[in-house]
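Q: Quick one: the structure is below, questions incoming.
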Amino acid sequence: MKNQMLQNIVLSLITLTLFGASASAKPRILTPMHEVHMDLDMTGPEYRQILESQGNRLPDVHPLDDIVEMGARNLRWLEKINSALPVKLSFTSAATQTGTPIETPKQYNEKTIRADFTELMNTIPVEMKPVLLGQAELTATLPIEEAAYLEWGRKANKIYESATRWKLLQPSLFFLAQRRMKDIRGFYFLSRDPAREENFKNYSSLGGVGEEVKVNYKEWLVQVCTNTTGSRERCLSEVAQSISANSLSALYAKYLPGAQKMWDGYFQIPAGIQSSSVTWNATNPQVAKVLIKDPLQENVRQYLEGNIEEEWQWDGWSMQIDFTQVSSLFAKAIEVVWEAGATPHVPGLGVNQIVMDGNSLLTEYNVQWTIRHEVGHVFGLPDCYLEFYDTDAQIMVSYQHDITNLMCSRRGHLQQKHYDEMKKAYYQKSNENLN
């Protein structure tokens, strides 16, 4: 554990040395960006917005600045093209949401991002390359056929998103390395493996194709152990001892409850967390009411009703909005606050406030998904995705626990487990407990 901590401290000092120094007189405030809410499916415009608002936290010069500028030009070019179109084009839509599955996590660092950028520049159509690199002016007309333009524009945008995220998070690598203890993949894979106990028993004799099983099992067991102990160094030692003693099954049983608890915590409303905005009782068990402060704008009212009520329904049950004129953080109604340039978030689980970007286009897919997701946080449901820095491989790792889940991924929707959690937290079986 001491060696790991020393490695992380050195890593942090190197980061500050490389990226905290500047010839500029502008003070460097390298506040950890992991504290700023950034989900894994953020769009290019959202990253651009955070860069603009958090500029004083970052160094003046970064090795990926040319890629960041390329991506910014890509977005400005799309905006210029859209200025002449009646039907606007977008790099994102419901159909283009892929998510980041736990089975195939995203892994990135400066080296991988640079390699992706080099490949893009070697393959992108010649009509687009000089414009993106700033060697030609932005045009108001499509440079190539629309479908091809959007395909390549999305590729450029994805690389921009990775470069910007790395630039924003790099000063926080020390803190992000601590999140590795929350890597739940070991529990996920082992709990779903029907051959688990047999492989535990015969671990030492596995060979050939089984060598890959041995490597995976060893790492997964270390992860399961770390979910409970918080010490990867200790768990590496314990797993090695268990391999020698042929007691992997006992080791797994020892640490399974802790890993199970961590996994469940990603999908449960914590005890004691409840929003006062929800009313759901036996008078009408098929309908829960949520109180929201009236935005006093018909388009915003329709946006809230259309998205929240459409998403929050399950097997005959539905959530219905009641609008009211009175609200505060301590009142019963949810207040949706629109702040220009804000990153959408809630102040905390169960808190009756949702902050949205005042510049949002209400008809845009990501904006519609966001309000559906953020109201879940008001109800008490946590995010179910993870990002951490792997100091061994020197790479960022991120994944979503379930890409079909509304609280994990922008391609996700309401599930049975959300309904079950809501019922446990909010449903009142008799009128005796009603306020």
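Q: So which of Arg165, Arg179 is in contact with a helix residue (DSSP H, G or I) (Cβ under 9 Å, 6 or more places away or on another chain), of a type outside the set (S, T, N, Q) and farther than 14 Å from Gly71 by Cβ? Give the derivation first.
A: Numbers: Arg165 fails: farther than 14 Å from Gly71 by Cβ.
Just one listed residue meets the conditions, Arg179.
Q: Here's a follow-up. With respect to Tyr160, determine if the residue is under 30 Å from Arg76 (Cβ atoms), part of a helix (DSSP H, G or I) and not aliphatic (A, V, I, L, M). First the steps, then the outcome.
A: Details: under 30 Å from Arg76 (Cβ atoms): yes; part of a helix (DSSP H, G or I): yes; not aliphatic (A, V, I, L, M): yes.
So Tyr160 fits the description; yes.
Q: While we're on this one: So Asn157 clears everything in (1) of a type outside the set (A, V, I, L, M); (2) open to solvent by less than 20 Å² (accessible area, probe 1.4 Å); (3) over 30 Å from Tyr385 (Cβ atoms); (4) at pLDDT 95 or above except one condition, right? Which one?
A: (3)
Q: List pairs: first in the stretch 163-185 and assigned to a helix (DSSP H, G or I) and small (Gly, Ala, Ser), second at pLDDT below 95 and open to solvent by less than 30 Å² (accessible area, probe 1.4 Å), Cβ under 8 Å, 6+ apart or cross-chain?
A: Note: pairs meeting the criteria are Ser172/Pro32; Ser172/Met33; Ala177/Asn8.
Q: Could you tell me which of the residues Glu137, Glu119, Glu110 is charged (D, E, K, R), modelled with pLDDT of 95 or more and either surrounded by 14 or more Cβ atoms within 10 Å (Cβ to Cβ) or at positive phi (or both)? Step through it out loud before you land on a result.
A: On the way: Glu137 fails: either surrounded by 14 or more Cβ atoms within 10 Å (Cβ to Cβ) or at positive phi (or both); Glu119 fails: either surrounded by 14 or more Cβ atoms within 10 Å (Cβ to Cβ) or at positive phi (or both).
Testing whether each residue is charged (D, E, K, R), modelled with pLDDT of 95 or more and either surrounded by 14 or more Cβ atoms within 10 Å (Cβ to Cβ) or at positive phi (or both) leaves just Glu110.
Q: Return the residue satisfying two criteria in turn: it lies in the stretch 196-220 and is open to solvent by less than 50 Å² (accessible area, probe 1.4 Å) and hydroxyl-bearing (Ser, Thr, Tyr), and of such residues it is nearest to Ser237 (Cα to Cα).
A: Across the stretch 196-220, the extreme among qualifying residues is Tyr217.
Q: Return the residue satisfying two criteria in turn: it lies in the stretch 39-56 and is surrounded by fewer than 18 Cβ atoms within 10 Å (Cβ to Cβ) and either among the polar types (S, T, N, Q) or touching a residue at least 24 places away in the same chain (Cβ under 8 Å) (or both), and of such residues it is nearest to Thr404 (Cα to Cα). So that I can check it myself, show each step before the final result.
A: Of all residues in the stretch 39-56, those surrounded by fewer than 18 Cβ atoms within 10 Å (Cβ to Cβ) come to 51-56.
Checking which are either among the polar types (S, T, N, Q) or touching a residue at least 24 places away in the same chain (Cβ under 8 Å) (or both) leaves us with 51-54, 56.
Values: Leu51: 29, Glu52: 32, Ser53: 31, Gln54: 31, Asn56: 37 Å.
In this case the residue turns out to be Leu51.
Q: Among the residues that make up the stretch 192-206, is at least one of them more than 26 Å from Gly71 (Cβ to Cβ), of a type in the set (Ser, Thr, Tyr) and out of contact with any helix residue (DSSP H, G or I) (no Cβ under 8 Å at 6 or more places or on another chain)? Steps first, answer last, please.
A: Filtering the stretch 192-206 for residues more than 26 Å from Gly71 (Cβ to Cβ) gives 192-206.
In the following step, the residues that additionally are of a type in the set (Ser, Thr, Tyr) were identified as 203-205.
Checking the rest, the ones that are also out of contact with any helix residue (DSSP H, G or I) (no Cβ under 8 Å at 6 or more places or on another chain) come to 205.
Among the residues of the stretch 192-206, at least one is more than 26 Å from Gly71 (Cβ to Cβ), of a type in the set (Ser, Thr, Tyr) and out of contact with any helix residue (DSSP H, G or I) (no Cβ under 8 Å at 6 or more places or on another chain), which makes the answer yes.
Q: So Asp392 ticks every box in (1) closer than 21 Å to Ile321 by Cβ; (2) open to solvent by 10 Å² or more (accessible area, probe 1.4 Å); (3) not hydroxyl-bearing (Ser, Thr, Tyr) but one. Which box is left unticked?
A: It is condition (1) that Asp392 fails.
Q: If you check Gln353 against the conditions, is it modelled with pLDDT of 95 or more and either closer than 25 Å to Gly44 by Cα or open to solvent by 30 Å² or more (accessible area, probe 1.4 Å) (or both)? Before you say what the answer is, go through the steps one by one.
A: Working: modelled with pLDDT of 95 or more: yes; either closer than 25 Å to Gly44 by Cα or open to solvent by 30 Å² or more (accessible area, probe 1.4 Å) (or both): yes.
Criteria met by Gln353.
Q: Could you tell me whether the stretch 221-240 includes any residue that is touching a residue at least 60 places away in the same chain (Cβ under 8 Å) and open to solvent by 70 Å² or more (accessible area, probe 1.4 Å)?
A: Quick first cut of the stretch 221-240, residues touching a residue at least 60 places away in the same chain (Cβ under 8 Å) only: 231-234.
Subsequent filtering for residues that are open to solvent by 70 Å² or more (accessible area, probe 1.4 Å) retains 233-234.
Yes, the stretch 221-240 contains a residue that is touching a residue at least 60 places away in the same chain (Cβ under 8 Å) and open to solvent by 70 Å² or more (accessible area, probe 1.4 Å).
Q: Filter the stretch 356-381 for residues that are surrounded by fewer than 17 Cβ atoms within 10 Å (Cβ to Cβ) and in contact with a helix residue (DSSP H, G or I) (Cβ under 7 Å, 6 or more places away or on another chain) and give the result.
A: Leu361, Leu362
Q: Contact list please: Cβ distance under 8 Å, first residue in the stretch 404-415 and open to solvent by 20 Å² or more (accessible area, probe 1.4 Å), second residue of a type in the set (Ser, Thr, Tyr), pairs at least six apart or on different chains.
A: Hits for this filter: Arg411/Thr98; Arg411/Thr404; His413/Thr404; Gln415/Thr404.
The values are calculated or read from the model by the stated rules, or taken from the named source; none is laboratory data. Predicted model, so just to flag it, every value in this text is computed and none were measured. Here the Cβ is made from the backbone with ideal geometry for all residues, glycine too, and neighbour counts use every protein chain on show. Surface areas here come from the heavy atoms of the whole protein model, side chains and all, with no ligands, DNA or RNA. Shrake-Rupley method; radii C 1.70, N 1.55, O 1.52, S 1.80 Å.
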